[in-house]
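Since the structure comes first, as structure tokens, the remarks are kept for the end.
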Amino acid sequence: MQINFAVSGAARLIREIRAALNRRDREQTLARRAATAAIETELKTTVAGLLLHSQLALSGSGVPAAVADRLRTVADLAGSLRQQLSVPSETRRETHA
């Protein structure tokens, strides 16, 4: 922001500075929301993949019991994480604040 003190009065300068600060705050909020949405999308995709692959592995025949137990644990954890991610981010922030 460039200010010309020769042609701008104090009231106008204050208005312009406040407007610039408000613009910056809005831009930061939008950038934060975009970053949050991108991270949520990545997490949801990864969790869906974990859940799908663990369930597919469990449905196969010949899976040793110890491996099946671990796969069930992975599937349960992925399912739980998927449920947590399905809650809107604003609600998660309110419950953790």
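Since every read-out is calculated from the coordinates, none of them should be taken as a lab result. Please read all numbers here as calculations on a predicted model, not as lab measurements. Here the Cβ positions follow ideal geometry from the backbone for every residue, glycine too, while neighbour counts run over all protein chains shown.
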Between R26 and L85, what FRET efficiency comes out of the Förster formula 1/(1 + (r/R0)^6) with R0 = 35 Å and r the beta carbon distance, rounded to 0.05? 0.85
Compactness check, region 10-96: C-alpha Rg relative to the 2.2 N^0.38 Å globular estimate gives 1.86
Given 51-57, 19-25, the highest-first ranking by average Cβ count within 10 Å works out to 51-57, 19-25
Taking the Cβ of S8 as the center, what net charge do the other residues with Cβ under 15 Å away carry, scoring Lys and Arg +1 and Asp and Glu -1? +2
Checked against the positive end of the charge dipole of region 10-96 (+1 on Cβ of Lys and Arg, -1 on Cβ of Asp and Glu, about the Cα centre), the farthest of A57, A19, T45 is A19
³J(HN,Hα) across region 31-38 via Karplus (A = 6.51, B = -1.76, C = 1.60, θ = phi - 60°), whole Hz, x for Gly/Pro? 5, 5, 5, 5, 5, 4, 4, 5
